[in-house]
Amino acid sequence: MAFKGDRVNELGISQGWDGGFAPLVVPTTNHMSVTQTTITQVKGPQPIAADVYDDGYLRIEHKNYYVACGGQSLRLPRTEFLILSCLARSPERIVTAEGLWEYAWGNEKPMNTESLHVYIYRLRNKLGASKVRIDTMVNVGYRLLSATTDALS
């Protein structure tokens, strides 16, 4: 339906109006077609949105400070969440200890590797028997390995 003052394209769809409020505008002609869509299954974690990590088992919503593991919500303190969030932003890739420290603590505190090890230990315990694990690369950093990564290797 088009209203006085609307710009209408060749399909009869309103392209806008010159002021005031108007109801939802629908095409005035019935030019609908169905296209075939092919879905390709890709192995490994896929980003759903820029701020969501979901590998089918572990879900992290970075902006909402939300973590679910195996469908169960997981409560994490802020620092543990930030460390896990940083690892999930680069899944299966090594994140340096310095990078994790800066992401979680900023430049407020000097680097303390022992403290970082304690937080990684706590995260590993909370992830426990899940299909997600945090792998250590000695003298380099850490990486997050998902359930699909372990199944492929």
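A few comments on the model shown:
- The residue pairs whose first member lies in region 60-72 and is farther than 14 Å from VAL132 by Cα, whose second member is surrounded by 13 or more Cβ atoms within 10 Å (Cβ to Cβ), and whose beta carbons are closer than 6 Å, counting only pairs six or more residues apart or on different chains, are GLU61/VAL52; HIS62/ASP51; HIS62/SER85; LYS63/ASP51; TYR65/PHE81.
- Hey, VAL140 free of Cβ contacts under 8 Å to residues at least 12 places away in the same chain, surrounded by fewer than 19 Cβ atoms within 10 Å (Cβ to Cβ) and of a type in the set (A, V, I, L, M, F, W, C) or not: no
- Pairing each residue of region 105-118 that is closer than 19 Å to MET137 by Cβ with any residue that is aromatic (Phe, Trp, Tyr) and in a helix (DSSP H, G or I), provided the two are 6+ apart or on different chains, yields C-beta distances under 7 Å for MET111/TRP101; LEU116/TRP101.
- Entirely in region 53-153, the strands (runs of 3 or more DSSP E) that have 1 or more residues that are more than 14 Å from the chain's Cα centre (by Cα) and among the aromatic types (Phe, Trp, Tyr): 141-145
Bear in mind these aren't lab numbers, they're just calculated from the coordinates by the rules spelled out. The structure presented is a predicted model; accordingly, all values stated were derived computationally and were not measured. Cβ: placed from backbone, ideal geometry, glycine included. Neighbour counts: every protein chain shown.
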